[in-house]
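Note sheet for the following structure.
Taken together, the values in this text are just the output of simple stated rules run on the coordinates, not laboratory data. Worth saying up front: this structure is predicted, and the values here are computed from it rather than measured. Note: ideal-geometry Cβ built from the backbone for every residue, glycine included; neighbour counts use all protein chains shown.
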Amino acid sequence: MGDAVLDQFVRKHIILKLRAKPNRLHQQAKRYVSAKSQAATLDRLNDEDWFTEEEQEIVRRGRNAKSHTKAKNTDVQTYRKSSGLEALLGFLYLENREDRLQALLETIVAAVEERK
């Protein structure tokens, strides 16, 4: 669920900001939604103590959950970190915590854009 929430937000952001055509949209979106990008963002937010205790627990549970798929194009640790961030996004979405979800999505986008 969280990966879909992030992907939709990122694609809307790119369309509105860049007026990107479909192929460019896909290329740009990969920078935001890749496991490596998500893991780097998670590390940064952890360093900044961005998450509440409850959110840290959701991230931890998502990171440690048994995966039924194999990590593609990255190592297992990076894949698990990205799964933790996606778990939190899905949790915030399903719990209708719209303000916190919006803040997290905007922070993710800003973090990726700072790494350009």
(Q) For residue 66, give me every one of the lysines with a C-alpha distance below 16 angstrom, ignoring sequence neighbours fewer than eight places off in its own chain. (A) 81
Q. For the chain, which semi-axes, largest first and in whole Å, follow from the square roots of 5 times the eigenvalues of its Cα gyration tensor?
A. 22, 17, 13
Q.
With 10 angstrom as the radius, rank 12, 72, 66 by how many other C-beta atoms surround their C-beta, starting from the fewest.
A. 66, 72, 12
Q. Counting pairs of alpha carbon atoms under 8 Å apart in space and at least six apart in sequence, what relative contact order in percent does segment 2-114 give?
A. 37
Q | Helix 98-114 axis, angle to the chain major axis (alpha carbon atoms, nearest 10°) | A | 60
Q: Give the order of 89, 94 when sorted by the count of other beta carbons within 10 angstrom, beginning with the fewest.
A: 94, 89
Q.
Helix-only mean residue ellipticity at 222 nm, the chain, DSSP H runs n ≥ 4 weighted -39,500 (n - 2.57), per residue, nearest 500. What is it?
A. -25500 deg cm²/dmol
Q) If you project the alpha carbons of segment 60-116 onto their three principal axes, what span does each projection cover, largest first, in Å? A) 32, 32, 15
